[in-house]
Every structure is written in C-alpha cells, then in structure tokens.
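S.K.: This structure is in structure tokens; I'll ask about it shortly.
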Amino acid sequence: MNVCVIGTGYVGLVTGAVFADLGNDVVCVDNNEEKVEKLKNCIMPIYEPGLEEMVRRNLEDGRISFTTNTGEGVRRSDVVFIAVGTPAADDGSTDLSYVETVAREIAQHIDRYKIVVNKSTVPPGTGDFVRSILEANKRRRIDFDVVSNPEFLKEGSAIKDSLEPDRIVIGAPCQNVAMSLLELYAPLEAPMLITDVYSAEMIKYASNAFLATKISFINSVANICEAIGADVTLVAKGMGSDKRIGKEFLMAGLGYGGSCFPKDTLSMIHTARKFQQPFPILDAVVETNEDRVPRFLERIRAIVGDLKDKRFGVLGLAFKPDTDDMRDAKSVEIINSLAEAGAKFRCYDPIAMENAKPLLPDDVEYASNPYEVAEDADAIIIMTEWKEFRGLKLENMRDKMRRPLIFDGRNIYPLDRMERLGFEYVSIGRKALLAQATAPVVAPVTV
Ligand code: UDX
Ligand code: UDX
C-alpha cells in the first residue's frame, strides 16, 4: 500500500519505518528541513533502539523516503497518517494547531479518494474536527474518510511495541474503511478492535489515564510504606501477581513524566469538564504526581542540610531509560531546584546529556562515565533506571564519595546490598538506610 506519514517525531518516524518494513511504500513528511535532510542520510533525529537499522534497510531498498513536501506525500498515497505533536495548551486542553495545519495541507493536495488517519493523541471529537477542515478546504469534489488509529508505543521500546502490539484499534465510520486500514496491519497478526471514531479516541486517552492512575496509586502506597517501614517493591509484586491487577506500571518513583501522560491526563480532565462529567480520580492522580518531586526534594534537604556548595552526582537525566527524550524529565526540576540553593552537579546519562544541557544550569558538569559522578560527591541522585546502572561496582563509587549517600528515585538496588556495602541509601517506599546521627526522614509510627 502507498502510505504517507506526516510528522517524523517519536510516533511518526517509528510508524513510517515499521510500515515500510512490512513491505509498504512509505513517504514521511516533516516541515523541519534539517530533520528531513538528516533522515535522507539515515541520521536519526531521536534515539530509539533498532530504529536506525530499520530505516537504513528500507532506505536502501527504496521503501521509505523523506520530504518536506506535503503535496508529494499526499498525492502518492492511499492512506495519510497525521502524526504531528499535540502539546498541552495552558488550560490543560490539547493544542490541535499542528493537526489543523496539516489537515489544511492535506485538503489542498487531495486528488483522489484517501483515508486520513489520526495517529496523534487527540481528544474525542478530533476526527470530526479534521473532517470539517478537510471538507471546508478541499479544492475538488473528492471523497475521503477520517479514521482514528491510536498509537500505544512506548519510547525506548517503540519498535517492539509496534511490531508486537497488545491490540490494534481502528475507529472508522464504517466497516469497509476499517477493513482497508486493517490490511496494513494484517502481517502483524495482533488482536484487532474495530470501533466508531469516538470510541477509538477515548480508548487512547482512557488507557493513558488509567496507566497514570496505576502509577499515582502505587506512589501513594509508597508514601504509607515509608511511614510504616514496609517495602513498596514487595507490595507491588504481591499486588501485581493478581492477574486482575497486573504487574506492569506499579513501579513507585519520582512520578510519571515524558511527552504523553502529563498532557493526556490534563486533557482527559479538560474533556470531562467540557462535558460536565467531573473525573475526581484523575484530579487526584495529577495532584499525587505533582507532589512526587517536592516530596523527594524535601527528603534530600532534610538529610543533606545546607545545600550551598554541596556536590551531587546524578545518574540518569532522561524521563525514562532507553530514550534521549527530556520532555517532562524529573531530573530538570530536581537539579534546577537544588542548584538554586547553591548545590553543584556532575551528571551522567548514556544518551540524553546533549538534550539535557539547554535545560540545566550552565555550571553543571557532565561525566563521560557513571563512576565519575561519584568523585567528591556529598550524595548521588538516581533519576532514571538505566539498565547499566544496576551493574555498577558500587564499592568503587563509594570510595570516591565524600559521604556514601545515595538518593534513589527509581529503587534500582536491593536494600540488603546497600546495607552490606555501607551506603546510606534513601529510596522510594522503602526503609531509609541512614547513619545513626541522621534523623529519620519520616518519624516511625506505631501500628
Ligand atoms: C506524538 C504524537 O503525535 C502526539 O500526539 C502524542 O501525544 C505524543 O507522540 P511526537 O512524535 O512525540 O508526538 O511529536 P514530536 O516529536 O513533537 O514530532 C512531531 C513532528 O511533526 C516534528 O518532527 C515536527 O517537525 C513535525 N511537524 C509539526 C510537521 O511536520 N508539521 C507541522 O505542521 C507540525
Ligand atoms: C506512554 C504509554 O505507555 C504509551 O502506551 C503511549 O503510547 C505513550 O505514552 P511513554 O511515555 O513513552 O509511553 O513511556 P512509559 O513507559 O509509559 O512511561 C511514562 C512515565 O511513567 C515515565 O516517566 C516513567 O518513568 C513512568 N513510570 C512508568 C513510572 O513511574 N512507573 C511505572 O511503573 C511505569
């Protein structure tokens, strides 16, 4: 099939590469010339495991091409995917201006029947919005259909998630249109769900909101665990073993970040209000998430004391492992806040340091390996659970530190190992290991 994907961000580029790999003829369009030039030369604008190899083999075989020319992409294709960003507006609603711009461009160039697919995460009703823009701006009497085909890929495992999805959701105005789109996905042999357009749009929002709810739920459980001396990782394991609950998305930590959950939860709340259907659970999910970093900062301040000229080593900057994405990364808020009080930083992230630099204070130092962050550090803060941090020789790091103190925002080390190695170790929802002289973070409670 001839496919056009507009927007070569995390979603669009992976989607285009995967369709090409499945044997389709794909044109990827982006209005960023520099990005398109790089992609033509197989230089990836983002880090995503396996993506470069996939794009390379499809470029070589002529199944994928890149252009800034929307008209060329639209004319060549039977199906046009819209995969541009949909950021949050100031009032929490979704800013659909990029979607609108692209819909107008498609309308200008549509020359025969096409299916226009919303791949971007958009609020319910956006299918109608896109349809109205196409209708109002098309230059000829040409028929088209608008479909919602939400994307569930996670950054860092986007290729795998796209090739082995839990489900494919197609929200179409009628069965025939849905069937044409299904053809594209047939080689994946994944469960398919055909719905109306509104329901498909809701599935995406409701899924992200529910996953965010799981995270805020376990983070609230973690707070109680800290107060009573329980271990949230064991609690999550026990809960997750119940199939009805499921093991995933029960990792307590610094709260959810990234480009999706923060804006999608706000957008869902906004949609609920718009239709006079308040969603108090989701209000609490957002509030709980917003409290994660201040709470963590409070613990750091309580234990480290005066921050002036205190040296912190930082492991991990990206909002999650296996990505260079810094959108809503908790490291930014934490480092900037401590730096304001005079703290100094040396940071290490395997991939995201370049993207992080513009977001962090100028005097932050960057290390070439994780061990360097330990030198003369008053404490290390772990922000992202990169796999390579789990295997570090912690005793080598301990010996370089002024104080063997680790604040672990992602619970990557077992408590008994840290105790054996003589670290002071403060993690999330677990007992804090602190030197006798230091006051406990949370006063013990008698139960
Ligand atoms: C995606 C989805 O599209 C978004 O709805 C979802 O919520 C998060 O994931 P993402 O791929 O992360 O967004 O967006 P981004 O990395 O910002 O990429 C969007 C691309 O579209 C950029 O390369 C931008 O240059 C391009 N673009 C934007 C256009 O080509 N035309 C425009 O008019 C606007
Ligand atoms: C998310 C959805 O998972 C995906 O289906 C959708 O298409 C896009 O949004 P993504 O934002 O790439 O994907 O990453 P995800 O792995 O979901 O993590 C989001 C945030 O939640 C990260 O900040 C992560 O650290 C946090 N998280 C995740 C937790 O704090 N605990 C968990 O158990 C899982």
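None of the figures in this text is laboratory data; all of them are computed from the coordinates on show. Keep in mind it's a predicted model, so treat the numbers as computed, not measured. Please note: Cβ atoms are built from the backbone with ideal geometry, for glycine as well, and neighbour counts cover all protein chains shown.
S.K.: Just want the answer: with Cβ charges of +1 for Lys and Arg and -1 for Asp and Glu, which residue in PRO191, VAL84, THR121 is farthest toward the dipole's positive end in region 68-227?
M.R.: Going by the Cα projections, it comes out as VAL84.
S.K.: Whole number please: convex hull volume per residue, Cα atoms of the chain, in Å³. Intermediate results must be reported in sequence, preceding the final value.
M.R.: Working: hull volume 69.7 nm³, N = 447.
Hull volume normalised by residue count: 156 Å³.
S.K.: Counting DSSP beta bridges in the chain, what percent are antiparallel, to the nearest 5?
M.R.: 5 percent
S.K.: Pick out which of GLY16, GLY409, GLY342 has the largest mean-square fluctuation in a Gaussian network model of the chain, springs linking Cα atoms closer than 10 Å.
M.R.: Most flexible of the set in this elastic network: GLY342.
S.K.: Angle check, please: helix 51-60 long axis (alpha carbons) against the longest principal axis of the chain (alpha carbons), in degrees 0 to 90, nearest 10.
M.R.: 30 degrees
S.K.: Right, next: If you look for lysine pairs in region 2-195 that are eight or more places apart or on different chains, how many of them have Cα atoms under 25 Å apart?
M.R.: Going through region 2-195 pair by pair, I get 13.
S.K.: Could I ask something else about it? If you restrict to DSSP beta bridges whose two residues both lie in region 318-447, what percentage is antiparallel, to the nearest 5? List each step's numbers first, then the result.
M.R.: Details: 1 of 9 bridges.
Percentage antiparallel, nearest 5: 10.
S.K.: For region 1-64, just run the numbers: alpha carbon Rg, then divide by 2.2 N^0.38 Å, N being how many residues it has.
M.R.: 0.96
S.K.: Same structure, new question: Name the most mobile residue of LEU317, LEU405, LEU22, meaning the one with the largest mean-square fluctuation, in a Gaussian network model of the chain with Cα contacts below 10 Å.
M.R.: Of LEU317, LEU405, LEU22, the Gaussian network model singles out LEU22 as fluctuating most.
S.K.: Just to confirm the number: angle between the C-alpha axis of helix 330-340 and the first principal axis of the chain, 0 to 90 degrees, nearest 10?
M.R.: 50 degrees
S.K.: Post the alpha-carbon centroid distance, region 342-388 to region 1-40, in whole angstrom.
M.R.: If you average the Cα positions of each part, the centres end up 33 Å apart.
S.K.: Another question about this same structure. Return an integer: the convex hull volume of the alpha-carbon atoms of region 192-237, in Å³ per residue.
M.R.: Measuring per residue, one finds 65 Å³ for the Cα hull of region 192-237.
S.K.: Between GLY391, GLY73, GLY50, which gets the highest mean-square fluctuation from a Gaussian network model of the chain, Cα cutoff 10 Å?
M.R.: Taking springs between Cα atoms under 10 Å, the residue moving most is GLY391.
S.K.: Continuing with this model, one more query. Mind checking Rg over Rh on region 112-241, alpha carbons, Kirkwood formula for Rh?
M.R.: Over the Cα atoms of region 112-241, Rg/Rh equals 1.14.
S.K.: Please compute, over every Cα-Cα pair in region 229-447, the percentage with a separation greater than 32 angstrom.
M.R.: Roughly 20 percent, rounded to a whole number.
S.K.: Ok, one more. Ranking request for peptides 366-374, 1-9: highest mean number of other beta-carbon atoms within 10 Å first, then the rest in descending order.
M.R.: Working: 366-374: 17.3, 1-9: 23.7.
Result, highest mean first: 1-9, 366-374.
S.K.: Relative contact order for region 2-195: what is it in percent, counting Cα pairs under 8 Å that are at least 6 residues apart? List each step's numbers first, then the result.
M.R.: Values: 371 pairs, mean separation 38.1, N = 194.
Once normalised by length, the contact order is 20 percent.
S.K.: What lysines sit close enough to LYS308 to cross-link, taking a C-alpha to C-alpha distance under 17 Å and skipping anything fewer than 8 places away on the same chain?
M.R.: LYS308 reaches LYS344.
S.K.: Expressed as an acute angle from 0 to 90° and rounded to the nearest 10, what is the orientation of the C-alpha long axis of helix 197-228 relative to the principal long axis of the chain?
M.R.: 0 degrees
S.K.: How much of the DSSP bridge set in region 229-447 is antiparallel, in percent, rounded to the nearest 5?
M.R.: Values: 1 of 18 bridges.
Rounded to the nearest five, the antiparallel share is 5 percent.
S.K.: Would you compute, for the Cα atoms of region 94-136, the largest minus smallest coordinate along each principal axis and list the three values in descending order, in whole Å?
M.R.: Largest first, region 94-136 extends 30, 16, 16 Å along its Cα principal axes.
S.K.: Right, here's the next one. Can you tell me the relative contact order of the chain? Whole percent, Cα pairs under 8 Å, sequence separation 6 or more. Could the numbers behind the result be given before it?
M.R.: On the way: 880 pairs, mean separation 52.5, N = 447.
Relative contact order for the chain comes out at 12 percent.
S.K.: Which shape class applies to region 2-195: rounded if a/c is under 1.5, otherwise prolate when a/b exceeds b/c and oblate if not, where a ≥ b ≥ c are the square roots of the Cα gyration tensor eigenvalues?
M.R.: Rounded is the answer for region 2-195, as its axis ratio a/c remains below 1.5.
S.K.: Can you give the Rg and Dmax of region 106-174 based on its C-alpha atoms, in angstrom?
M.R.: Using the Cα atoms of region 106-174, the pair Rg, Dmax is 14.3, 43 Å.
S.K.: Using Cα pairs under 8 angstrom and six or more residues apart, how large is the relative contact order of region 229-447, in percent?
M.R.: 20 percent
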